[in-house]
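See below for the structure under consideration.
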Amino acid sequence: SKSLSDEENLKLFGKCNNPNGHGHNYKVIVTVRGEIDPVSGMVINLTDLKEYMQKAIMEPLDHKNLDKDVPYFAEVVSTTENVAVFIWENLKKLLPMGILYKVKVYETEQNVVVYKGEETI
């Protein structure tokens, strides 16, 4: 965090506080909800959802240094919580209104963030 000293960053972020950055292989699960189309039997066509996820997640984030390559994270700390918010906001712009229910981001098998569009504090 740019607002913290080197010592405070080390204390707060531990081994993730590497001045040269570090990587993660995030796993993202997107949940949608809504009326099931009686013809297709789907809430949304999965081919369309995959395309939206490609645009909202993969294109801006895949193989990127979040802090250096993604403008959003120039001012926002690139925690998994904020990655989930970023994904939510990007998907919300693409999906039909009200269909996005939950974004779940796995940093590791034990570190998981679930975001449902709540107001951030």
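The values are calculated or read from the model by the stated rules, or taken from the named source; none is laboratory data. Being a predicted model, the structure only gives us computed values, none of them experimental. Don't worry about glycine lacking a Cβ; one is built from the backbone with ideal geometry, like all the others, and counts go over all protein chains shown. Accessible surface is based on the protein model in full, side chains and every heavy atom, while ligands, DNA and RNA are left aside. Shrake-Rupley method; radii C 1.70, N 1.55, O 1.52, S 1.80 Å.
When GLU75, GLU109, GLU89 are compared by accessible surface with a 1.4 Å probe, the order from highest to lowest is GLU75, GLU109, GLU89. Each label was represented as a point 7 Å from its Cα along the Cα-to-Cβ direction; for SER5 and LYS116 these points are 4.1 nm apart.
Taking all protein chains as they are arranged and a probe of 1.4 Å, the heavy atoms of SER5 leave approximately 50 Å² accessible to solvent.
Size estimate for the stretch 74-121 follows the Kirkwood approach: the inverse of mean 1/r over distinct Cα pairs works out to 11.4 Å.
Using the Cα coordinates of the stretch 24-115, the gyration tensor eigenvalues translate into equivalent-ellipsoid semi-axes of 26, 14, 11 Å, sorted from longest to shortest. Too long at a 23 Å Cα-Cα cut-off: which of LYS55/LYS104; LYS55/LYS116; LYS50/LYS116; LYS64/LYS116; LYS64/LYS93? Listed pairs above 23 Å: LYS64/LYS116. In the assembled protein chains, MET53 presents an accessible area of approximately 50 Å² (probe radius 1.4 Å). Note on GLU81/ARG33: beta-carbon distance plugged into 1/(1 + (r/R0)^6) with R0 of 22 Å gives a FRET efficiency of 0.50.
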